[in-house]
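The values are calculated or read from the model by the stated rules, or taken from the named source; none is laboratory data. As the structure is a computational prediction, the values presented were derived from the model and not from experiment. Quick reminder, even Gly has a Cβ in these numbers, built from the backbone with ideal geometry, and neighbours come from all protein chains shown.
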Amino acid sequence: MLAAVAATAFVLLASGGSDYTVHARFQNASQLVTGDLVQVAGVKIGEVTDIALTDDGQADLTLRITDGTYAPLRDGTLATVRQASLSGVANRYIDLRLPTGSAPHEIDDGGTIAAADTTSAVDLDELFNTFDPQSRKALQSVIRGFATSYGGRAKEANAGWLYLNPSLAATSRLFREVNRDTPLLRRFIDASSSLVTDVAARRDDLAGLVDNLATTTGAIGREKQALAGSIDQLPDFMRRANTTFVNLRATLGDLDPLVRDSKPVAKKLRPFLAALRPLAKDAAPTLRDLTALIRRSGSGNDLVELTKLTVPLAAITTKSATRAGKTRDGAFAETVRALDDATPELRFARPYAVDLTGWFDDFSHSGIYDALGGASRAAPYVNAFTNANGILKPILDPIVGNQAFAAVAGLNQRNRCPGSVERGSLWQPTPDTCDPRQIPIGP
């Protein structure tokens, strides 16, 4: 009994295994056989116990996980058929790549790893079978040519291939860094494609730009003497600039006392400068326009030239000079004399100003203006209504309406005197000039 108990305990404790199995669907079995290993990062965790064919022509491999620390597998596990070397056939194994983090679901005992999460091995025979007989024969000739070229130089070739490894490693790291952010790389490629497409769409404009650039370069080349002269003058300019910078250094030394005395009030200036900053920003367009107003390229278009014209303007307006063969006074004196001569005409036209304003009011209304501001004149508007016993009734008969209008309106007044629309302002220049009886109706 003791021997049987010891044997049973040994079997149970020594096995430490697991009966967890899972099916993996591959595109093909890749020359796997039962008993091939199942590994994770080079560590054996199980073996292939069965290989079957599904109804849709895929290989169904049964994997038995003997290491209990990896059972059960989680969703997202990737299965890949790998080769221990290229020199043999019966050296295949299944490499499992476990998902990172904690997957939400586990693969049940007897569950399936879908074909989308598996990768079959690609044999060299499958690669060669993609070529036709003529291409395979040509490839054989290429391989023989390599053998001939390296014949007797194997030692030198091996020494040279040693230097290729760092380049391949650096290239591998380069592409790994480039592909570190795949979405960003994809956006960069898409943007580059759009840029190339846009450039191709504007190829005519780009060709014109290149032609114009060639023309510009040619023009610069033809002016090489002038360019050489400018380069010759550059040293003198730099020497004068050096002198200026030396003087500027002395000026900065003179500014030190000013900066030292300004430090106590610098804190008080901070709020002022903070408020001055938006003012300076808003004033930039105004100053720019003012600069263009003060001085502008061309003639007769800025304030500087206007100021220069002030002296001849003063001379022509205040001083006498000979003009058109006669000594004449300045423009201001002549203007005063002309206004004096025009006074009688203005005196005669002045009484008609009221009628002229009324004529303008027929088109619009001038209104009045007093200490309270502008105001509009109001006038009664009489339409075809009449007051009958306290009730406002419309006058529907046109004849009666015309009679009512004639009773309250003055008609056929075509010879009014100046000022007749204003009471007490009528003026009759001569007895036969106008009719003083033609005045508006009303007090």
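Collect the residues in the range 150-166 that are among the polar types (S, T, N, Q) and either surrounded by 10 or more Cβ atoms within 10 Å (Cβ to Cβ) or under 42 Å from the mean Cα position of the chain (by Cα) (or both), keeping them in residue-number order.
Going residue by residue through the range 150-166, those that are among the polar types (S, T, N, Q) are 158, 165.
Matches in the range 150-166: ASN158 only.
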Scanning the range 24-63 residue by residue, those within 12 Å of TYR93 (Cα to Cα) and of a type in the set (Val, Ile, Thr) turn out to be VAL33, THR34, VAL38, VAL40, VAL43, ILE45, VAL48
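Return a yes/no flag: does the range 107-116 have any residue that is surrounded by 10 or more Cβ atoms within 10 Å (Cβ to Cβ), at pLDDT 85 or above and more than 30 Å from ASP50 (Cβ to Cβ). Walk me through how you get there before you give the answer.
Applying the first criterion (surrounded by 10 or more Cβ atoms within 10 Å (Cβ to Cβ)) to the range 107-116 yields 107-115.
After this cut, where a residue has to be at pLDDT 85 or above as well, the list is 107-115.
Next, only the ones that are more than 30 Å from ASP50 (Cβ to Cβ) stay: none.
Checked the range 107-116: no residue is surrounded by 10 or more Cβ atoms within 10 Å (Cβ to Cβ), at pLDDT 85 or above and more than 30 Å from ASP50 (Cβ to Cβ).
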Of (1) farther than 23 Å from ASP19 by Cβ; (2) in a strand (DSSP E or B); (3) of a type outside the set (Phe, Trp, Tyr), GLN140 fails just (2)
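Against the definition (out of contact with any Lys or Arg (no Cβ under 9 Å at 6 or more places or on another chain) and either surrounded by 15 or more Cβ atoms within 10 Å (Cβ to Cβ) or over 30 Å from PHE385 (Cα atoms) (or both)), how does GLN403 come out, yes or no? I'd like the intermediate steps shown before the answer.
Details: out of contact with any Lys or Arg (no Cβ under 9 Å at 6 or more places or on another chain): yes; either surrounded by 15 or more Cβ atoms within 10 Å (Cβ to Cβ) or over 30 Å from PHE385 (Cα atoms) (or both): no.
No.
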Result of the Cβ filter at 9 Å on the range 168-179, keeping first residues that are surrounded by fewer than 10 Cβ atoms within 10 Å (Cβ to Cβ) and partners that are outside any helix (DSSP H, G or I), at least 6 apart or interchain, is none
